[in-house]
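The values are calculated or read from the model by the stated rules, or taken from the named source; none is laboratory data. Keep in mind the model is a prediction, meaning the values are calculated, not measured. Glycine gets a Cβ as well: all are built from the backbone with ideal geometry, and neighbour counts include every protein chain shown.
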Amino acid sequence: MLQPLADLPEVPFAFDGAADLLRAWASGLTPDPDLTVSVWADRHRILSPRGASEAGPWRTSRTPYLRDIMDALSPRHPAQRIVFMKGSQLGATEAAANWIGYVVHHAPGPMLAVQPSVELAKRFSQQRIDPLIEESPALREKVAPARSRDSGNTVLSKEFPGGILVMTGANSAVGLRSMPVRYLFLDEVDAYPASADDEGDPVALAEARTRTFSWRRKVFLASTPTIRGLSRIEREYEASDQRRYFVPCPHCGHRQFLKFERLRWQKGKPETATYVCEGCEIPIAEHHKTKMLENGEWRPMAVSADPFTIGFHLSSLYSPVGWLSWERIAREWEACQTAVEAKRSFINTVLGESWVETGEAPDWQRLYDRRHDYRLGCVPAGGLLLTAGADVQRDRIEVSIWAWGRGLTSWLIDHVVLEGGPEKAQAWAALTELLGFSWPHEAGTEMGISRLAIDTGYETSAVYAWARRMGSGQVVAVKGVDGFSRPAPVIGPSYVDATEGGRKIRRGAKLWTVATATFKSETYRFLRLDRPAEGDVLPAGSIHLPRNVDAEWVKQLVAEQLMTIKTRRGFSRLEWQKVHERNEALDCRVYARAAAWIAGLDRWSERKWRELEAQLGVERKAPGVIPASRHSQTGSGSPEAATVQPKSARLHRPAWLGDRRRTWLTKA
């Protein structure tokens, strides 16, 4: 039996070194206490004000739903893979930091933490791991200060007795196959690239590092989901036992997991938000949430395909009192209704659910039959901003001009085809002249193009040269990129090299990148909106087509369809593909939409809209209502009677604007 250290006999001064050795030897033989990750965090974790809103000792009681997740990461728990599909403001990152601290202090071994990129891995190390070590005394003893020579403490590597923590990015194949690991933390897996340096799926590469540890391994995958069918975390969660956190109703005791559809409030008054119990239908005030979370429990909703994989799903409705409130969630939901990216972000980050992309092409005949009673070349009353999208082809430049109103409501105003490819000076001269042209507004004034976005995918140098000459105030050069996992639909500007007069100009042009997939999905969703009855409020995003637009143009507007494509490595991705030979109308619409986004349309306040109405002399009779007589279907009444006829004195069109429009667009 080991003798307590305090009872060790005194030894002469000459043997002080032996006494220290004896004490260290006895300490090493003492078994570690059997702690779980949550218990360790309650005892040792100190939250730093550098990275936490509530600094001080960690309390698992503040986020009780994290207890089972953290404890499943403890070595004694039988689960080998833990999946966490989540919303925001739930403490998931701090729970992962607790696990890392537990490994360093209590269960050492090789550990790999993977962020979406190497840059994010460095940020994770500096903002999460460094404060974790510095603020917790139990960890400071294990990891030498970074300033010490040969300390093993660098930005992407932390050595400690018995193990090492390596941090890397999913975009680095070298980092993912650097060493065998017992512990693996995969953070925000839905933001990982499809392949790490063309060597394969980063999740599969990282998990291969754990094979040598067999049943002793622990893999933690955490992320907010993205696109249905492409989301890694959703795929992993659906293959697990799909646990949900059930909380009791404070009124009737009925246990339920929180659903967004049961969060109720008066329209326009998010401060009235309460949760309605599905058992007794009595509203639950948010101050009850603390007690509800304390008495909650995780329940599996399915049988896992792998008995060693468990999964947890949690929305931000569970966010503790004082963090993300039900009122704020209701407010964000009301605010995101007019912007597709905002709505998708809400579904992903607040509800913790995947976004469903509906890319089936709308029926062109239905759209053609629903054309409105206004003509090309005339701006209806609701149009308050004109933007244009230009698509450069081998033998022509095609331009669509769209008018925009509140709630992203839009009207096709014109579509112009400028003959001559980008090598023809007259084509660029015509496009320059178009920038100065104006279109008559129903209120009696004229409107010009506020922004024109031109695609740089074909004859890039020629496009850059023209955009430079026009200046960035009215013309923006854009580059379309595929994919949905982007922080914003338009990013930029970035500065790129340009060529002018045979001379290369470094950083001579501004370039914006446009997520064309996002705007195509938005356009199709708007095209599917039902028409309101006469005099009713128009749905946000309504797209209006003039009565004299031809069927061919409408077919081009819906010329693509979103399809699921299998890659060579067996993974799926969504891709827009043509179902009609020509798609210039759709491309021009996307670029005009990008121009509206760059102009700030998505972020304008009501005050800005009223200022535009005042400038144009538009009298707004009711919010969102356009006189029904101007927007009925072409089949009802007399089209000519409802048409806004421009005064010929105001309509100064260059000859080419009428003559060179495609034959399938009737001249105004």
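Hey, among Asp201, Asp187, which residue is closer than 25 Å to Gly91 by Cα and surrounded by 19 or more Cβ atoms within 10 Å (Cβ to Cβ)?
None of the other options fit; the residue is Asp187.
Tell me which of these Val379 doesn't satisfy, since it passes every other one: (1) closer than 30 Å to Arg531 by Cβ; (2) modelled with pLDDT of 90 or more; (3) buried (at least 16 other Cβ atoms within 10 Å of the Cβ); (4) under 20 Å from the mean Cα position of the chain (by Cα).
(4)
Within segment 143-160, can one find any residue that is of a type in the set (Lys, Arg) and farther than 29 Å from Val39 by Cβ?
Checked against the condition, which is being of a type in the set (Lys, Arg) and farther than 29 Å from Val39 by Cβ, segment 143-160 yields at least one hit.
For segment 283-316, how many residues are closer than 27 Å to Val219 by Cβ and not polar (S, T, N, Q)?
Residues flagged as closer than 27 Å to Val219 by Cβ and not polar (S, T, N, Q) within segment 283-316 amount to 18.
Restricting attention to segment 360-374, does a residue exist that is touching a residue at least 40 places away in the same chain (Cβ under 8 Å) and over 21 Å from Arg528 (Cα atoms)?
Checking segment 360-374: not a single residue is touching a residue at least 40 places away in the same chain (Cβ under 8 Å) and over 21 Å from Arg528 (Cα atoms).
Can you give me the ranges of the strands (runs of 3 or more DSSP E) entirely in segment 184-289 with at least 1 residues that are among the acidic types (Asp, Glu) and touching a residue at least 40 places away in the same chain (Cβ under 8 Å)?
In segment 184-289, 269-276 are the strands (runs of 3 or more DSSP E) which contain 1 or more residues that are among the acidic types (Asp, Glu) and touching a residue at least 40 places away in the same chain (Cβ under 8 Å).
In segment 3-14, is there at least one residue being at pLDDT 85 or above, of a type in the set (Val, Ile, Thr) and touching a helix residue (DSSP H, G or I) at 6+ places or on another chain (Cβ under 7 Å)?
The answer is no; no qualifying residue exists.
What residue, of Gly444, Gly407, Gly420, Gly436, is modelled with pLDDT of 90 or more and of a type outside the set (Phe, Trp, Tyr)?
Of the residues listed, the single one that is modelled with pLDDT of 90 or more and of a type outside the set (Phe, Trp, Tyr) is Gly436.
Each row is one residue, and each column tells you yes or no for (1) within 30 Å of Ala222 (Cβ to Cβ); (2) not in a helix (DSSP H, G or I).
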residue	(1), (2)
Trp333	yes, no
Gln337	yes, yes
Ile347	yes, no
Gly352	yes, yes
Gln365	no, no
Gly377	no, yes
Gly383	no, yes
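What residue, of Gly448, Gly436, is surrounded by fewer than 16 Cβ atoms within 10 Å (Cβ to Cβ) and either under 12 Å from Leu385 (Cα atoms) or not assigned by TED's automatic domain parsing to the domain that holds Val463 (or both)?
Gly448
On the basis of being more than 20 Å from Thr212 (Cβ to Cβ), part of a loop (DSSP other than H, G, I, E, B) and either at pLDDT 90 or above or among the β-branched types (Val, Ile, Thr) (or both), does Val143 make the cut?
Spelling it out, Val143 is indeed more than 20 Å from Thr212 (Cβ to Cβ), part of a loop (DSSP other than H, G, I, E, B) and either at pLDDT 90 or above or among the β-branched types (Val, Ile, Thr) (or both).
Restricting to segment 56-92, name every residue that is among the β-branched types (Val, Ile, Thr), more than 25 Å from the chain's Cα centre (by Cα) and not in a helix (DSSP H, G or I).
Answer for segment 56-92, where residues must be among the β-branched types (Val, Ile, Thr), more than 25 Å from the chain's Cα centre (by Cα) and not in a helix (DSSP H, G or I): just Thr63.
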